[in-house]
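Q: Can you read through this structure? Questions will come right after.
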Amino acid sequence: MGVHVYPHRSSVPSDLWLRFAERATTEIGVLVHAGVHLAENPRWHRALTDRARSGVCVRMLLGDPDSPEIARRGEEEELGAGVAYKVREVMKLYRPLYGTPGIEFRTHCSTLHNSLYRFDDEMLVNTQVYGVSAPLTPVLHLRRVAGAQLVLTYQHSFEKVWASAVPLPRQAP
């Protein structure tokens, strides 16, 4: 397993997210509450659209802005309704992608312990630290290799959240 640790999300090279997305051949999976840093980047939108058109399964999990879990995260980070606002803003930014074949958006109500970004066998795990906003917490860059369990553990976590998440409408709400 390849591993690299970044001290906080802003230390991850900005083009790394795009490179991983652009070279994905089977799956892109994102589990976040909001993930503003990607949603506001037009190149990220193009990468998701291009990959979906080439047959890559793109699955996006966003927090339910009306859930108690989002409200609790806002309190823990001393942002009040700020986290819910971020999620709603991200949902607006992604609206143009809602009807794109191959891209599915769902909302979740899970207690988010880590934000997960999966690109085939590459994974970025934005760790969560109580009371600290996600941009200020460490990111692990992991690579799945035969026989290793670490990436599989995170993949199973993603799948559990996906299974209980609520699909967003294919058309813009």
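Taken together, the values in this text are just the output of simple stated rules run on the coordinates, not laboratory data. This is a predicted model, so every value here is computed, not measured. Heads up, the Cβs are rebuilt from the backbone with ideal geometry, glycines too, and the neighbour counts pull from every protein chain shown.
Q: For the chain, modelled as a GNM with alpha-carbon contacts under 10 angstrom, which of 114, 41, 126 fluctuates the most?
A: Judging by the Gaussian network model, the answer is 41.
Q: What is the spin-label model distance, in nm, from residue 88 to residue 54 if the labels are put 7 Å beyond Cα along the C-beta direction?
A: 3.7
Q: Given only helices, namely DSSP H runs of n ≥ 4 each adding -39500 (n - 2.57), what is the per-residue ellipticity at 222 nm of the chain, to the nearest 500 deg cm²/dmol? All intermediate terms of the calculation are to be shown ahead of the outcome.
A: Numbers: 6 runs with 63 residues, N = 173.
That comes out to -11000 deg cm²/dmol.
Q: Counting DSSP beta bridges with both partners in the chain, what percentage is antiparallel, nearest 5?
A: Working: 22 of 33 bridges.
Beta bridges within the chain, antiparallel portion: roughly 65 percent.
Q: How high is the relative contact order of the chain? Use alpha-carbon pairs under 8 Å, at least six apart in sequence, and give a whole percent.
A: On the way: 328 pairs, mean separation 52.4, N = 173.
Relative contact order comes out at 30 percent.
Q: Still on this structure, I have one more. Determine the shape class of the stretch 19-173: with a ≥ b ≥ c the square roots of the Cα gyration tensor eigenvalues, call it rounded for a/c under 1.5, and otherwise prolate if a/b is greater than b/c, oblate otherwise.
A: Details: a/c = 1.66, a/b = 1.14, b/c = 1.47.
Oblate, since a/c reaches 1.5 and b/c is not below a/b.
Q: Assign unit charges at the C-beta atoms only (+1 for Lys and Arg, -1 for Asp and Glu), then state the dipole size of the stretch 54-115 relative to its Cα centre in Debye, rounded to the nearest 20. Please list the in-between numbers first.
A: On the way: 8 positive and 9 negative charges, 70 e Å.
The dipole magnitude comes to about 340 debye.
Q: What does the extension gain come out to for residue 164 and residue 150, with contour length at 0.36 nm per residue minus their alpha carbon separation? It would help to have the intermediate numbers written out before the result.
A: Numbers: separation 14, 0.36 × 14 = 5.04 nm, distance 2.24 nm.
Length gained between residue 164 and residue 150: 2.8 nm.
Q: Can I ask one more? State log₁₀ I(q)/I(0) for the stretch 105-164 at q = 0.12, 0.13, 0.24, 0.28 Å⁻¹ as given by the Debye formula over alpha-carbon point scatterers of equal weight, solvent excluded.
A: For the stretch 105-164 at q = 0.12, 0.13, 0.24, 0.28 Å⁻¹, log10 I(q)/I(0) is -0.31, -0.36, -1.08, -1.24.
Q: Subtract the Cα-Cα distance of residue 120 and residue 43 from 0.36 nm times their separation in residues, and report this length gain in nm to one decimal. Don't skip to the answer; put the middle values down first.
A: Values: separation 77, 0.36 × 77 = 27.72 nm, distance 1.91 nm.
Gain on extension, residue 120 to residue 43, equals 25.8 nm.
Q: So what is the relative contact order for the stretch 23-75, in percent, with contacts set as C-alpha pairs under 8 Å and at least six apart? Please report the intermediate quantities before stating the final value.
A: Details: 45 pairs, mean separation 25.3, N = 53.
The value is 48 percent.
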